[in-house]
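The values are calculated or read from the model by the stated rules, or taken from the named source; none is laboratory data. Everything numeric in this text was worked out from a predicted model, so none of it was measured. Here the Cβ positions follow ideal geometry from the backbone for every residue, glycine too, while neighbour counts run over all protein chains shown.
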Amino acid sequence: MADKEVLKQAFKAFKKRLKLYQQDTGSSSPASHPSRDKATITAINPPDQYPKEIWEELVAQGKLKPAGRGMYELA
């Protein structure tokens, strides 16, 4: 089992990366589609500075869920 502090840092990094991807997607949406959902990205590849075991532990804790092809999303 991974250290609680490492899990906390990894989860924080995941949420930050997800937010950045969502902002990038939202800012590039055309103004002619104001009803378009800004946060269309729900699953991402996790930051690679943490090993796969960290992400699997966060899944086991119920904080993330696998989305296929190595991607995860918030639970």
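Quick one: which residue in Ala31, Ala43, Ala60 is exposed (fewer than 11 other Cβ atoms within 10 Å of the Cβ) and modelled with pLDDT of 70 or more? Break it down stepwise before answering.
On the way: Ala31 fails: modelled with pLDDT of 70 or more; Ala43 fails: exposed (fewer than 11 other Cβ atoms within 10 Å of the Cβ).
Step by step, each of Ala31, Ala43, Ala60 is checked, and only Ala60 is exposed (fewer than 11 other Cβ atoms within 10 Å of the Cβ) and modelled with pLDDT of 70 or more.
Is there a residue being in a strand (DSSP E or B) and at pLDDT 95 or above anywhere in the range 2-13? Before the answer, list the steps.
Within the range 2-13, the first condition is being in a strand (DSSP E or B), and the residues that meet it are none.
Among the residues of the range 2-13, not one is in a strand (DSSP E or B) and at pLDDT 95 or above, which makes the answer no.
Which of the residues spanning the range 46-75 are touching a Ser or Thr at 6+ places or on another chain (Cβ under 9 Å) and either part of a helix (DSSP H, G or I) or of a type in the set (A, V, I, L, M, F, W, C) (or both)?
Ala67, Leu74, listed by residue number.
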